[in-house]
1. Condition test on GLU182, is it under 14 Å from the mean Cα position of the chain (by Cα) and open to solvent by 50 Å² or more (accessible area, probe 1.4 Å)?
2. Considering segment 16-37 alone, what residues qualify as being part of a helix (DSSP H, G or I) and open to solvent by 50 Å² or more (accessible area, probe 1.4 Å)?
3. In segment 56-75, what count of residues is obtained for those that are in a loop (DSSP other than H, G, I, E, B) and either farther than 23 Å from ARG339 by Cα or in contact with a Ser or Thr (Cβ under 9 Å, 6 or more places away or on another chain) (or both)?
4. Any idea how many residues of segment 86-122 are more than 16 Å from LEU144 (Cα to Cα) and touching a Lys or Arg at 6+ places or on another chain (Cβ under 8 Å)?
5. With respect to GLU8, determine if the residue is in contact (Cβ under 8 Å) with a residue 12 or more places away in the chain and either small (Gly, Ala, Ser) or within 17 Å of GLN243 (Cβ to Cβ) (or both).
6. Output the residues belonging to segment 193-218 that are surrounded by 14 or more Cβ atoms within 10 Å (Cβ to Cβ) and among the hydrophobic types (A, V, I, L, M, F, W, C).
7. Restricting to segment 200-240, what's the tally of residues that are in contact with a helix residue (DSSP H, G or I) (Cβ under 6 Å, 6 or more places away or on another chain), outside any loop (DSSP other than H, G, I, E, B) and either of a type outside the set (A, V, I, L, M, F, W, C) or at pLDDT below 95 (or both)?
8. Quick check on VAL104: is it within 15 Å of GLU68 (Cβ to Cβ), out of contact with any Cys (no Cβ under 9 Å at 6 or more places or on another chain) and open to solvent by 10 Å² or more (accessible area, probe 1.4 Å)?
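The values are calculated or read from the model by the stated rules, or taken from the named source; none is laboratory data. Since the model is a prediction, treat every value here as computed from it, not as a measurement. For neighbour counting, all protein chains shown are included, and Cβ atoms are generated from backbone atoms with ideal geometry for every residue, glycine included. The protein model used for the area step is the full one, side chains on, heavy atoms only, and it has no ligands, DNA or RNA in it. Shrake-Rupley method; radii C 1.70, N 1.55, O 1.52, S 1.80 Å.
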Amino acid sequence: MIPMLGEEEALAAADAVRSGWVAQGPRVARFEQEFATAVGAAHGVAVSSCTTALHLALVLHDLGPGDEVIVPSLSFIATANAVRYVGATPIFADVDLATGNLTVETIDAVRTPRTRAIIAVHQGGVPFDTAALRKAAEDWGLALVEDAACAAGSTAYGQPAGTGAAVAAWSFHPRKVLTTGEGGMVTVDDAELATRLRRLREHGMNVSAADRHASAQPVLEAYLETAYNYRMTDIQAAVGLVQLGRLAGLVGQRRALAAGYQSLLADIDGLVPVRDPAYGQSNFQSFWVLINAPYRTGRDEVLAELARHGVSARRGIMAAHLEPAYADVSPAPLPVTERITRDSLILPLHHKVTEDDQRYIVDILRELA
């Protein structure tokens, strides 16, 4: 991945610096409003990362020791880590082979009386079945936190992936389609939750720094609860506003490149590229290929050969339960998760990839077949 950053972003950041307001301020407020509108939510609360967004989402639900939160192991480790931040226990569920996402069935297989919440991930930009999972969570009486780290620009049932989410967490890391360098966002439809989230990201203060400085009279703030320093800067938000204007074009370009890969790979037995699910469209934040039995070369050998030819591919999505940090966990069997993380690789997909690049990459894969 190479982030699409240009002169407009540089000028926007410079303007923020020249304004004298570089901490959380008016640009953050504008970015929150415009991003929330773009993803179909009523309110956006900008934070320092998607990890802190997930943490605050769990704090909102008062989760703690003794509570279980169902998560996919097939996700960046921050998804599971956020559960441990609040003292709760992550319970790993398996995923669908085609989408890499949790399903109603895989969640139900590990649900217990101690389950209080689910974190469902729109993996690599591929949306999970929002209608099915939201209904199941409601029927079970469980909170559903949507890890939309990779999903800006993805759609489900004809709407942006965040539309209808009770709470969703987003990432603006450089590997994402929309970046602010570092940074994240929590989106909600409930105004009271948005108000509490703004307190939680700013030490629990009942009046923001921006509001205090805007007042002509001294403001004596109060600290209503123990909270955190998870703020975004106006410099980041300035970059984010430019990026938001590029989002539709970037997603369109990525989808065209994904279609190119899918077409070129179609005649290679044993290589299965990621595709849109029936109910939505991916932004293809990551374009992964699953290796099946007819293909004669193992994943790690494929990565090594691509690297030898100057192609920067990567292993497939990690499985948290296989990492040393979770060596103390004994999850239920996760055969699909382990299959995907063992037998998949992620191909380059960004604005500088050309059709010739794609043909070059796929020719190497065809030769290895």
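1. On the way: under 14 Å from the mean Cα position of the chain (by Cα): yes; open to solvent by 50 Å² or more (accessible area, probe 1.4 Å): yes.
Yes.
2. Let us first name the residues in segment 16-37 that are part of a helix (DSSP H, G or I), namely 16-19, 26-37.
Across segment 16-37, the qualifying residues are VAL17, ARG18, SER19, PRO26, ARG27, ALA29, ARG30, GLN33, GLU34, THR37.
3. Our first condition is that a residue be in a loop (DSSP other than H, G, I, E, B); within segment 56-75, this holds for 61-67, 73, 75.
Applying the additional criterion that residues be either farther than 23 Å from ARG339 by Cα or in contact with a Ser or Thr (Cβ under 9 Å, 6 or more places away or on another chain) (or both) yields 61-67, 73.
Here the count works out to 8.
4. 2
5. Values: in contact (Cβ under 8 Å) with a residue 12 or more places away in the chain: yes; either small (Gly, Ala, Ser) or within 17 Å of GLN243 (Cβ to Cβ) (or both): yes.
Answer is yes for this residue.
6. Those that are surrounded by 14 or more Cβ atoms within 10 Å (Cβ to Cβ) and among the hydrophobic types (A, V, I, L, M, F, W, C): LEU193, ALA194, LEU197, LEU200, MET205, VAL207, ALA209, ALA210.
7. The total comes to 2.
8. Values: within 15 Å of GLU68 (Cβ to Cβ): no; out of contact with any Cys (no Cβ under 9 Å at 6 or more places or on another chain): yes; open to solvent by 10 Å² or more (accessible area, probe 1.4 Å): yes.
No; evaluated as a whole, the condition is false for this residue.
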